[in-house]
1. On a 0 to 90° scale, report how tilted helix B:22-43 is relative to the longest principal axis of chain B, with both axes built from alpha carbons and the result rounded to the nearest 10.
2. What ³J(HN,Hα) values, in whole Hz, does the Karplus curve 6.51 cos²θ - 1.76 cosθ + 1.60 give for region A:101-107 when θ = phi - 60°, with x put for Gly and Pro?
3. Taking 0.36 nm per intervening residue step and subtracting the Cα-Cα distance, what contour gain separates residue A:218 from residue A:255 on full extension?
4. For region B:73-90, what does the Karplus curve 6.51 cos²θ - 1.76 cosθ + 1.60, with θ = phi - 60°, yield as ³J(HN,Hα) per residue in whole Hz, taken in order and with x for Gly and Pro?
5. Are there any trypsin sites (Lys or Arg not before Pro) in region B:14-46 that are in a DSSP loop and have at most 16 other Cβ atoms within 10 Å? List them by number.
6. Do any GluC sites (Glu not before Pro) in region A:1-95 lie in a loop, going by DSSP, with at most 15 other beta-carbon atoms within 10 Å of their beta carbon, and if so which?
7. From other protein chains only, count the Cβ atoms within 10 Å of every residue's Cβ in B:70-76, then give the mean.
8. Helix-only estimate, please: 222 nm mean residue ellipticity of chain A, summing -39500 (n - 2.57) across DSSP H runs of length 4 or more and dividing by its residues, to the nearest 500.
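Read-outs: derived from the displayed coordinates by stated rules, not from any lab. These figures come from a predicted structure and were not determined experimentally. Here the Cβ positions follow ideal geometry from the backbone for every residue, glycine too, while neighbour counts run over all protein chains shown.
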Amino acid sequence: MKTKLRPVIGLEVHIEQNTKTKMFCGCPAIHYAVPANTHTCPVCLGLPGALPKANKLAVENILKLGLALGCKINLYSKFDRKHYFYPDLPKGYQITQYEAPFCSAGRWEAPDSPSVNITRIHLEEDTGKLIHKTVGGQKLSLVDFNRSGVPLIELVTGPDFETSEQVTAFLKEIRKIVRHLGISTADMDKGSMRLEANVSVSTTKKLPDYKVELKNINSFKFLAKAVDSEIARQTKLIHEGKRIAQETRGFDEAAGGTLSQRTKEEAKDYRYFPEPDLPPIRLSQEYVTGLKTNLPKSPSETIHELASWGVSWQAATIIVKDRARLNYLYDVRSIDNSVDLKSIANLIVNKNVDKKYKDPNDLLASIVKSAGNLSLEAKQMTKFINEVLIENPKAAEDFRLGKTNVVGFLLGKFMQKSAGRGDPKEVSKRFFDRLK
Amino acid sequence: MAKLTKSDVLHVAKLSKLDLTSPEVEKFQSQLSEVLNYMDELNTLDTDRVLPTSQSTGLENVFRGDDHTNDCLARDIATTNASRSDSSYFVTKGVLKK
Ligand SMILES: [Zn+2]
């Protein structure tokens, strides 16, 4: 009897928060393009006697993500130590959450995908960054601790995906939500969103007794390719009647497939225990409810809202991904809710007007101005001015007698002809120049 | 009787990044076993009505605001105790074998 093979995929996503300070100390959390080892202190260098203190905002941020993904918020949680030796981990342990993560048992639903269980979302500290180098024939690892202690969210899903398309759709949604909540830039190329997939292929209804971890993949595209080629590789092995080894593999673009990564020899033995330096955290139900009430609208809710204001679906989808742009559009609307938001959204997307005019007021002023100029050619303007002057000889006479405010009257006549087009300032100036 | 096997001791040594000689393995096998024997003695106490805890202060919810950053260590100060460093980095033996 031939059994139907079924891919089983689960995800681990690491999301680096964009807080101002690190998770357990006041060092700046920014580390991208910062001179190495300039954002450190005794806490994040793991010096003896230094004591951690938790960043309140980082805790709030993870709760928001958990609420946005329908998780159960654990009102009592704590931090734990996860022990291992590696040069990027100065204390010899990482502060993370083991038994009592902030968020668990969430669920993500999408129209064209099976629903995904969010097993847990926990908070931890990022490690330092290693650079591997050979100097004078000697293999060295250089350590930069600027990233050490940056607040990191780890999200773990159930083994609920069967295709790379489902994986990508879910991850894109997570990125959208995270950016929308304003808790991370989620830039994959800067490492602020990191992806891992556990892939196996089941020959029965049950979960297989092994999994292959795909690690160190830094784009959605590569992850999809890695997942697809890994499913193909495992399927082939199953057809050949071979056993699939539990291992970690990386994606190799040149090889067009996954390659085994030599991992540390020792079995995982992290010897977790409660972090004695950080008191536990007890949240009140009112606080959590308050957070939930003030949660920003979900990306899809926001897209619908923008669309109801006339913004094209396409522009809305792009703007929603960027909180600064979205806020800009909201600001424009709050200044003038009669403005043509569709055009403004298009200008933001296509012409980056939000970067050109930092203040939305300036953008609105320039649009009022340029709308006229653009729609009225210089030639047309000259023609209307000529006509107005010929048709109103008395006005020209008055101007020569010193009644310069007659220009306003002429401008009115001009606007009648141009149907309101033309920059009033410029037209007035042209009348002045012609009459004086 | 020793509670720990030699391979237990070697495993713990590996996790602690210690290279032990075989006399040392034997020494620690008995010493660490004694520690566990003492734990057995503690385990005879009745703790049914004692709640487990990992904290002794009774504190909860100790937080720091995210509004301002602290001054950081100057780089030469930060690396001063490192056994090896260059002008920018802490330097260690290469962790990649390849
Ligand atoms: Zn620090």
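1. Around 70 degrees separate the two axes.
2. After applying 6.51 cos²θ - 1.76 cosθ + 1.60, I find x, 5, 10, 8, 6, x, 8 Hz.
3. Details: separation 37, 0.36 × 37 = 13.32 nm, distance 1.66 nm.
Length difference between fully extended and current span is 11.7 nm.
4. After applying 6.51 cos²θ - 1.76 cosθ + 1.60, I find 5, 5, 4, 5, 6, 4, 8, 4, 8, 5, 5, 8, 8, 10, 5, 10, 10, 6 Hz.
5. Numbers: sites: B:14, B:17, B:27; in loops: B:17.
Those satisfying the criteria are B:17.
6. Values: sites: A:12, A:16, A:60; in loops: none.
In loop regions of region A:1-95 (DSSP not H, G, I, E or B), there are no sparsely surrounded GluC sites (Glu not before Pro).
7. Working: counts 8, 3, 12, 11, 3, 6, 1.
What the average comes to for B:70-76 is 6.
8. Working: 14 runs with 169 residues, N = 436.
When only DSSP H runs of four or more count, the value is -12000 deg cm²/dmol.
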